[in-house]
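Structure first, then comments.
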């Protein structure tokens, strides 16, 4: 989770932890991108990004994550977190590559529900990725394995 406001980050971290998840919290988009890049594929079930942050805002960060050449970058659920909740704001977030738009102040029930959906999505993707790896180890050609991981 990337949130530059210390209090908002603490509150969100508490909500996420109370839901049984293990958040990695940073204070700007560049740190979020670095954490994602250095993680193993499918290590994160979700990425939560504040829209307005210093160094790298949420829009820049979501685009950078989606552009990464790794199996989870295109599908990991990424949630926009912002006080801007008009229809145009939501549309802009979705067009930028966010999966969903969560309004601040964060509602605990909405956040937990979003994280549960994200976990389900990532679990399915993780299993499919592991199955492809297993299939590649079972005698597929190198070209077939590379194609199956695109």
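The values are calculated or read from the model by the stated rules, or taken from the named source; none is laboratory data. Remember, it's a predicted structure, so these values are computed and weren't measured experimentally. Here the Cβ positions follow ideal geometry from the backbone for every residue, glycine too, while neighbour counts run over all protein chains shown.
Across the range 77-91, which residue is surrounded by the fewest Cβ atoms within 10 Å (Cβ to Cβ) among those that are under 17 Å from the mean Cα position of the chain (by Cα) and over 18 Å from residue 24 (Cα atoms)? Taking the candidates together, the pick is 90.
Here's the yes/no breakdown for (1) exposed (fewer than 15 other Cβ atoms within 10 Å of the Cβ); (2) under 23 Å from residue 46 (Cβ atoms); (3) touching a helix residue (DSSP H, G or I) at 6+ places or on another chain (Cβ under 9 Å); (4) modelled with pLDDT of 85 or more:
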| site | (1), (2), (3), (4) |
| --- | --- |
| 94 | yes, yes, no, yes |
| 102 | no, yes, yes, yes |
| 106 | no, yes, yes, yes |
| 113 | yes, yes, no, yes |
| 118 | no, yes, no, yes |
| 126 | no, yes, no, no |
| 135 | yes, no, yes, no |
| 143 | yes, no, no, no |
| 148 | no, no, yes, no |
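Suppose the filter is under 13 Å from the mean Cα position of the chain (by Cα) and at pLDDT 95 or above; does residue 74 pass it? No, not satisfied. The helices (runs of 4 or more DSSP H) found entirely in the range 3-73 that carry 1 or more residues being within 19 Å of residue 105 (Cβ to Cβ) are 6-18, 58-67.
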